[in-house]
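Here's the structure we're looking at; comments come further down.
The values are calculated or read from the model by the stated rules, or taken from the named source; none is laboratory data. Please read all numbers here as calculations on a predicted model, not as lab measurements. We place every Cβ from the backbone using ideal geometry, glycine too, and count neighbours over all the protein chains shown. The protein model used for the area step is the full one, side chains on, heavy atoms only, and it has no ligands, DNA or RNA in it. Shrake-Rupley method; radii C 1.70, N 1.55, O 1.52, S 1.80 Å.
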Amino acid sequence: MRRDGILPRMRIHPLPDEAAWTALKDACRGRCGILLLKFSPICPVSAAAEREFDAWVQALTEKPGFEVAKIDVIGARPLSRGIAGELRVRHES
């Protein structure tokens with residue numbers, strides 16, 4: 001929190017590649033969790049969910065005990081599939 005009592009905006013980490021995912025995991029290891037949004041930029045439902053997610057993150061009034069990240073399931077398809085396998089969570093359309 002800043003001296004004026006206003007919480008700085010949460011950073012949403014974009015995950016364009018394996019290096020970004022590995023760096024985020026390494027930074028969080030043993031310290032915090034990761035909340036990950038997987039979205040499709042061409043799906044209207046997914047785009048609406050992404051907007052709601054972004055608004056929710058920006059409206060947080062306390063720093064949560066986790067980092068926030070998102071991945072474009074089309075633009076970073078190999079990484080998205082790798083994360084799905086690693087975490088055993090698939091993107092459902």
Under a 5 Å amide H to amide H cut-off, with H placed in plane at 1.01 Å, what residues pair with Lys38 once short-range neighbours are removed? Ile71
Per-residue accessible area for Trp56 at 1.4 Å probe radius, Å² rounded to 10? 120 Å²
Hull surface over four for the Cα convex hull of the stretch 16-55, reported in nm², is 3.4 nm²
Simple spin-label model, 7 Å along Cα-to-Cβ: Lys25 to Arg11 in nm? 2.0 nm
Please tell me the relative contact order of the chain in percent, rounded to the nearest whole number, where contacts are Cα pairs under 8 Å and at least six residues apart. 39 percent
Going by average Cβ density within 10 Å per residue, which order do the peptides 61-71, 22-32 take, highest to lowest? 61-71, 22-32
Counting only heavy atoms of protein chains, what accessible area per residue, in Å², does the chain have with a probe of 1.4 Å? 69 Å²
What length, rounded to one decimal in nm, is gained on full extension from Ala47 through to Ile74, with 0.36 nm per residue of separation minus their alpha-carbon distance? 8.5 nm
Using a/c under 1.5 as the rounded threshold, could you call the chain rounded, prolate or oblate? The axes a ≥ b ≥ c are square roots of the C-alpha gyration tensor eigenvalues, and prolate needs a/b larger than b/c, oblate otherwise. oblate
If the only charges are +1 at each Lys and Arg Cβ and -1 at each Asp and Glu Cβ, what is the size of the charge dipole of the chain around the Cα centre, to the nearest 20 debye? 200 debye
